[in-house]
Each structure stands twice: as C-alpha cells, then as structure tokens.
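Contents: one structure, followed by commentary.
The values are calculated or read from the model by the stated rules, or taken from the named source; none is laboratory data. For clarity, every value in this text was computed on a predicted model and none was experimentally measured. Cβ sites come from the backbone with ideal geometry, for glycine too, and all protein chains shown count toward neighbours.
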Amino acid sequence: MNTALVLAQNTPAPAAAPHAAPPPMSPMGMGMSDEWWSGIDDALHMFMRDLGDVLAAAPAIPREAVKALHSALMMDGDPSRAFLAAMGAILAAVVLLLGFRFLTRSMRHHGLETASCQGGATQLLGWDIADRLVVIIALVLLGRIAIENWGNDAGFTKVILRGLVVWYGLMLFPRILMRPGAPRFRILPVAPAAARPLYHLFGLVFALGVLGPTLLPLLVHNGMDHLAARCLGLVFVTALTISALIAVRTLARSLIEPVQATGRDIVSGLASFAVLAVGLTWAWSIVVGQFNIFWALLNSVGILATLITIDVLLGLTTTEERRQRACLFRGVYRFAATIVAALWIGHTWFASTGALPWPEWRSVSLAIMSGGATLFIGFLIWQITNFWAQSALGMNRIIDPTQVDDDEMLEPASRLATFFPMARVLIGMTILLIAGMVALSNLGVNVAPLLAGAGVFGLAISFGSQSLIKDILSGVFFMADDAFRVGEYIDTGRLKGTVEQISLRSLRLRHQNGQVHTIPYGQLQSITNFSRDWATMKFTLRIDPSSDLEQVRKVVKKVGLAMMEDPELGKELLQPVKLQGVQEIQDNALVIRIKFTARPNKPTWVQREALKRIILAFRENGIKFAANAVTIAGGTQGSFSPEMAAAASAVTTSPGARFPTAAQ
C-alpha cells in the first residue's frame, strides 16, 4: 500500500486563510517542527488503522493459506510427483554432501593438530564454503532435472528448495562462531557444553527467518488475501523475535573467560536491542506494506556481521611475528572495510530505497570511491612503513638495563633505527595532509581556503612556539651529525645515561642507577659518547721491585695473545692486552701500566678477564706483586746490637702509608 497515496486521500483540503500568510520561518523555526510532528502523527495514525485491519483478518488465515497452498502445488503439475521430486533432490544433495565430506576427510583434518588458531580456522572455513557450494549446485541441477515446471516462480517445490539453500548458507555464520566439533578454532568464547545446543538454537532461528520471507510471497502470488498474509507475517515475526531473543540471551549467559559479567550484560543488551529493532521494523513493514527500510536495515546488519567476522578471523594469531603481520593486514582490512561498508550501506539506504535519485547517488558514490581510494593508498603506505620499521629496524625494541650485566653496555641501535622515530612523525603528518587534501578535493571541497588558513595558522604557531621549533631543529641537526643512537651511553655535561628513547623534541636518558632524564634538544650543548667505535682501557699493577721487567712483558704479551684467540674475548678485542712500561717507581713497588683496545659494548668485562688471567700467569711464572712490608737493614753485616734490635721491634707501618713511622 502506498503511504503517500493514503496520506493524500485522508488529508482534508486546507481552508482559506482569513489573514495573510506569515513570513517564512527559518529551517529551525516552529513551522518545520510542526510539519515534522504532523507527519509522524499521520504515519502513526495510518499504522494503527492498518494494524487493526490486519488483525481483523486473522480468522481467515487457515482458509486463505490452504487455498493458496493448493494453488501453488497445482502449479507444479501433479502435487505428489512434485513433492517426491523435491524430496528426491534434497536426499540426493545430502548424499552428495556426505560423499564429498567422506572423500575429503583426510584433507579436511590434515595439519589441524599443529596448525595455528588462525590457520586452522581459515582451513575449516574454506571447507565449510566448499560444502555449501556442493549443496547449492546439487539442489539447482537436480531441481531443474526433477521438476518439470522449474522456471515458474509460483511453484511450491522451487521456492522450498530456494529457501533451503538460503538457510544452509546462513548457517555458515553460527558454524564459524561456535565450531561445535573444533573448540580450539572457536571464535566466540562459549562454554564447551553450550556450543552445540546454541548452534541448533540458531539453526531454528534462521529457519524461522527464512520460512516467512520464502513462504509468504508464494502464498500471496497464488491468491492469498493480502490482509491475511500480513497477519500471518506478524505471527512469523513474533515467533522469530521471541526465539532470537532467547538465542542471544542464552549465548550471552554461555560466554566464558575472558568475558566478565559486565561484558555479558553488555552483549546481551546490545544483541537484544538489535533483535527488537529488526523485529519491530519488519512488523512495521508488513503492516504498511513497504519493505524498503526493513531490507536496508537487514542488509546493513548482514554487512556489518560479515566484516566483523572476517576481522576476528584475521586477529586469530599466536606468535609474535605473525601477530605483527596480522596487525598490518588487520589495519589495512579495517580501513578498506570501512570504505566498502560506507558505500554498500549508503547504496542500500539511499539508492535502493529511492531516498536519493540514482544520478545523484552515482556522483556521490564516485566521489566517495575516489576520496576513499586516496586515503586508503596513504594509509597503506603508512602501515607498510611502520611495519618495516618494527620488523627490520627493531623499532619495537624495549631496552631493559636490568636484564644486562652491570658492566655490560647495551647493543646500540643503527643510525636509521635511531633517526626513524623522529622521521616517522614527519612522514605520518605529510601523508595525512597530502591524502586528506587530495581526498577533500575529490569530494568536491575547495581546499584553497583551507591551505590559506593553514598557512596563517602555521605562521602564528611558529611565532608563539620558538622554543619548540628550536628543540625540533636542534634534534634534526643532532640526528644529521649522528651524535648518539638508541642504546648508547652519553654524557651531556650535566646529565649522563643510556639513550632510551628519541622523540621529536626531546631525548630520554636512563641513568645507571635507574633515574630517567628527559632533555629537550635545545638544551644540549656538547655530547660525549662512550659507546662509539672503540674504547681503550688502561689500568696499573704494583709488582715487586725485584721482578724482571722483560719477563713481565713476555707474560703479559702471552696473556694478550691467548685472549685474542679466545672465541668470546676475541670478538670484543680490537688490540691485544700489552705492557706499556713502568709508570712509577715507589719505595716498595714498581707500578706498571697495561692497556688494550676493545669494542665499546663490554670493556669492563674484558678488563676483569684480563686481570684474572694476568694474576694466574704471574703466579705460574713466579712474578710477585708488591707488598706493604718494609725491611730495615743493619749498618754492618752480621748480628744486630741490642739497641738496634729494640728500635727495629718498635717500627710500625700504617695501612696505605708510604714510609714507616717509629714509635716514640
């Protein structure tokens, strides 16, 4: 029934105005508000009137349904033969499906035991789609062969076979989500004992949802009264809505960890609201006889459900490498799915319902496609750049000094990995601005005023943030000079520590005691880098004055050569450990200096290993270290006099003193 025609027929002619018409009001005035509310009131009045007529036709449903059903069966010729042909086609399709599953049983389960969650779910999804293709092809081919009047859309058997195909196709969604026979690849976290009952419950809901739209047009086409058909449709909608509410609430109660009680309530509420919205819209469409809004809503729900299911499948991953790759694919898919969903839903609501003329919708859709394609290309470039930075440059590396030895320096990052965090912000802003401007231009927006306004705004910002610009430019020059990298130990004059993070305007240092220093680049004057290229370590030893210096040199050289040949120490040493000579002569010791050149990562560890080996080598070759004891010799050769013995017994040395002191 045409709503506009009914409204036109029931609206009285306007009476002549006694006074001149008031001036037109603004779009936000009371005039438009009254017109809007008047339209709603008229629509509700028409709905209540039509609803009364529809409900009044309830007693005629059995008679009209039997009459239309008999007419539909007669369309196929002999009813018994058509019924047997339909049942034969269904049984043959079931046999073909079982045979196909039996022949592919080994391939279906091949590798599922060791497959990842995403890989196994994708593999099972592919076989489920193959099963449905087998059933669809079998039913269509067998129906054409077995049913004589296959081309007649008013025939009962063809409509029933078509509804069966639609129902089996829709059952793909609950099978993917609940996986009754494969809990490891289940998307929804439902209890194991509730998976199969839920699957059967949703099968009943989908059967009711397919039976109504399949059977009612058939009955109407075969002569059933329209009001009785609408009343029967309300019965189907009521039964479907009640069963769907029971199904979604049962599903919400069956959810297990990690979904908490609050999450179950939210899922139940949102799902119940969606079911009620679809049910009420369907009931409204049946009563008024217009289904454009209902089909638009149903198509929108189906589109969103399909896209969300694919997104969840892309997120089923376990390993870190696959998780990074899945994040890339998932981000690109979400962006593309958003554009596709906007076009599809827009076509459903505006073009299909006639709300927007086709030429206008075509121009709008082309603008959305060109603008969306531009944004998608920019987003794809950004995602690929970010993925490359994380995988190849180690951008996601987290420096944890507690996991490293106290004397071991962290392995510094490369120059590109250090510079890229700053460059990534600039690249992202550039891609966003270019893609945004091109997309707006494709949508028909004049970007010249935007560019002019952005220029004025940027000039004002530059005058008000000179310190920020100084920090950014200083950081760019520091990066260009390669003054420091992530993981290197530096000294800025006032503060020192390991470079932990580099941003657009500041540097973050981690002190060896755990403190974190954040320093803007503009405050950095000079930088001393302790982790670049190589490090020369020098240390001294005190040996006995009577030691043979040539023997000491040979022993130290032998130790240095042995360290160079060591598999671990040789990788760190650039020049071997060697004796430089005597640095100082003391009263009771010779101070010798030893040096070596190593990589800057583990110089202290190399020094400890060198000291350990030198001590062992000196002990094996009879080289003694200096002692603090002082020997006092007599004035003449022979025995001491009593006075000298008394003086010698009174001599003491203080710890660390160079010269002895005599007790008074």
Contact list, first residue from the stretch 260-272 and under 10 Å from ARG249 (Cβ atoms) and in contact (Cβ under 8 Å) with a residue 24 or more places away in the chain, second anywhere and surrounded by 12 or more Cβ atoms within 10 Å (Cβ to Cβ) and among the charged types (D, E, K, R), beta-carbon distance below 7 Å, six or more apart or interchain, is SER272/ARG249
Taking the stretch 78-104 and keeping only residues that are surrounded by fewer than 16 Cβ atoms within 10 Å (Cβ to Cβ) and either among the polar types (S, T, N, Q) or at pLDDT 85 or above (or both), one is left with SER80, LEU91, VAL94, VAL95, LEU98, GLY99, ARG101, PHE102, LEU103, THR104
Open item on the list: Residue under question is LEU188, and the condition is that it be modelled with pLDDT of 85 or more, of a type in the set (A, V, I, L, M, F, W, C) and surrounded by 16 or more Cβ atoms within 10 Å (Cβ to Cβ); does it hold?
Closed with: no
Listed by range, strands (runs of 3 or more DSSP E) wholly within the stretch 492-606 having at least 3 residues that are within 26 Å of LYS470 (Cα to Cα) are 496-502, 506-510, 516-520
Within the stretch 105-123, restricting to residues that are without any contact (Cβ under 8 Å) to a residue 12 or more places away in the chain and surrounded by 11 or more Cβ atoms within 10 Å (Cβ to Cβ), the one that is farthest from ALA138 (Cα to Cα) is ALA115
